[in-house]
Amino acid sequence: MGTRKGAQVLRTVPGDRMWLLSAAMTEAQLQGLRVEIDAINGQLLDLMNRRLRLVERVKDVKERTGAKLFSPRRESEMFTKLLLQNEGPMTADLVRAVFKEIFKLSLDHMEADTRRRLQVHRLDGEPDKVYEIRGHKMGGGVPQLISGPCAVESADQVEAVAAHLESLGVGFLRGGAFKPRTSPYSFQGLGVEGLKILRAAADRHGMAVVTEILDPRNFEDSERYSDVFQVGARNMYNYELLRLLGQSDKPVLLKRGFMATLEEFILAAEYIAKEGNGQIILCERGIRTHEKWTRNTLDLSAVPLLKAETPFPVVVDVGHGTGRKDIMAAMAKAALAAGADAIMVETHPAPALALSDNAQQMTLDEISAFHGDVFGRA
Ligand code: PEP
Ligand code: MN
């Protein structure tokens with residue numbers, strides 16, 4: 001009836017008014033359809049939320065039984081059922097695409113929940129961590145330089161470097177007393193004697209000592225003579241060492257493993273945090289790729305990602321990360337621009353004579369120029 005009446009009215013009105021009337025009717029019709037679509041959107045939203053709540057329950061059960069969160073078999077079963085149920089007009093491909101997104105969303109939801117529970121994860125609104133180490137701040141906006149020789153070779157060598165670094169205002173003295181060398185026949189470091197040399201030089205020059213610990217048996221000596229434990233790239237997966245350092249109250253500078261993903265890196269830090277030591281410093285030092293022009297491939301995307309995921313200071317080791325002095329300043333500036341809290345680079349009074357990493361250690365003049373260039377403080 002309504003339509004016929006409408007048609008009669010239309011026949012009696014002239015051209016442009018008729019167009020206006022039919023436009024008004026189209027608009028009313030569209031309004032009606034939109035109300036229905038809004039209602040369906042609401043139902044879909046409600047259904048999706050109900051689905052996610054069920055997913056959370058599935059996750060609880062799975063976690064209790066140790067089952068994996070993602071089950072390809074279950075996903076394929078769900079696709080089969082959906083395709084049998086589908087009466088169109090959605091095509092099978094569209095059903096697959098839409099539900100793939102929904103399944104992925106559920107998995108992300110389960111995993112995000114797990115990630116949120118990591119102690120190293122930055123809580124909403126949590127500020128950056130700042131450590132005060134021997135009067136020098138690590139984190140919190142003042143970029144620092146950690147420098148010193150690759151390996152401690154003698155008291156004179158460390159003294160020359162420390163005195164020079166102090167004159168530049170550098171607060172962190174690095175140096176390996178225990179050296180993780182690729183070949184067991186290469187120089188392995190001076191051991192505890194090296195720790196003592198570092199401590200004495202740092203004390204003379206008001207610096208903090210950052211040095212690598214390789215073996216849990218050296219824990220007491222390392223704790224006694226150093227201010228920051230360094231865990232090298234080779235030991236990022238040494239979970240026993242990480243657990244042990246988690247029991248110390250000294251900060252731990254954890255280097256990223258050669259082949260480690262950022263997820264694995266953060267989980268390694270969790271081993272330290274879980275034992276109660278929340279004073280962690282993360283260090284990107286390059287990863288192994290097919291590239292041969294640099295010693296490693298410095299992954300600067302790690303900097304903002306690690307800063308977003310965790311509250312810890314992030315250090316970029318441009319020395320081991322590139323192995324090339326000609327690009328270290330450029331990479332250090334890029335690292336600071338990306339949000340790094342500190343740069344690490346090696347300095348030796350006579351790099352050509354060094355017992356390790358000759359090519360990448362800076363001379364005293366080179367570190368002065370690097371410092372002026374990168375930090376704007378000559
Ligand atoms: C070092 O910093 O002395 C060192 C050995 O570095 P990495 O563990 O990153 O190789
Ligand atoms: Mn080195």
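Do we find a residue being more than 16 Å from ligand 2 (Cβ to nearest atom) and within 30 Å of G206 (Cβ to Cβ) anywhere in region 111-123?
no
Is it the case that E240 is under 19 Å from F312 (Cβ atoms) and either more than 16 Å from ligand 2 (Cβ to nearest atom) or without any contact (Cβ under 8 Å) to a residue 40 or more places away in the chain (or both)?
When the stated conditions are applied, E240 does not pass them.
Can you tell me which residue in region 342-353 is surrounded by the most Cβ atoms within 10 Å (Cβ to Cβ), limited to those that are part of a loop (DSSP other than H, G, I, E, B) and away from ligand 1 (no atom under 14 Å from the Cβ)?
Among those that are part of a loop (DSSP other than H, G, I, E, B) and away from ligand 1 (no atom under 14 Å from the Cβ), it is P349.
Which one of the conditions (1) surrounded by fewer than 17 Cβ atoms within 10 Å (Cβ to Cβ); (2) within 16 Å of ligand 1 (Cβ to nearest atom); (3) among the polar types (S, T, N, Q) does S301 fail to meet, given that it meets all the rest?
So S301 meets the others, but not (2).
From the list G175, G141, pick out the single residue that is assigned by TED's automatic domain parsing to the domain that holds E223 and more than 16 Å from ligand 2 (Cβ to nearest atom).
G141
Any idea which residue in region 354-369 is farthest from ligand 1 (Cβ to nearest atom), counting only those that are part of a helix (DSSP H, G or I) and polar (S, T, N, Q)?
Among those residues, the one meeting the criterion is S368.
May I ask you to say which residue of V152, V158, V142, V120 is more than 27 Å from L195 (Cβ to Cβ) and either polar (S, T, N, Q) or touching a helix residue (DSSP H, G or I) at 6+ places or on another chain (Cβ under 6 Å) (or both)?
Sole residue among the options that is more than 27 Å from L195 (Cβ to Cβ) and either polar (S, T, N, Q) or touching a helix residue (DSSP H, G or I) at 6+ places or on another chain (Cβ under 6 Å) (or both): V120.
Looking at G321, G339, G372, can you tell me which residue is outside any strand (DSSP E or B), out of contact with any His (no Cβ under 6 Å at 6 or more places or on another chain) and within 16 Å of ligand 2 (Cβ to nearest atom)?
G321
Between a residue in region 302-325 that is touching a residue at least 60 places away in the same chain (Cβ under 8 Å) and any residue that is more than 15 Å from ligand 1 (Cβ to nearest atom) and of a type in the set (D, E, K, R), which pairs come within a Cβ distance under 6 Å, given they are 6 or more apart or on different chains?
T310/R122; P311/R122; P311/E126; P311/D128; P311/K129; F312/K129; P313/D341
Give me a count of the residues in region 140-162 that are among the small types (G, A, S), at pLDDT 95 or above and surrounded by fewer than 24 Cβ atoms within 10 Å (Cβ to Cβ).
Number of matching residues: 3.
Tell me which residues, restricted to region 131-151, are touching a Lys or Arg at 6+ places or on another chain (Cβ under 9 Å), over 18 Å from I280 (Cβ atoms) and of a type in the set (A, V, I, L, M, F, W, C).
C150, A151
The values are calculated or read from the model by the stated rules, or taken from the named source; none is laboratory data. Nothing here was measured: the structure is a model prediction, and the numbers come from that model. Please note: Cβ atoms are built from the backbone with ideal geometry, for glycine as well, and neighbour counts cover all protein chains shown.
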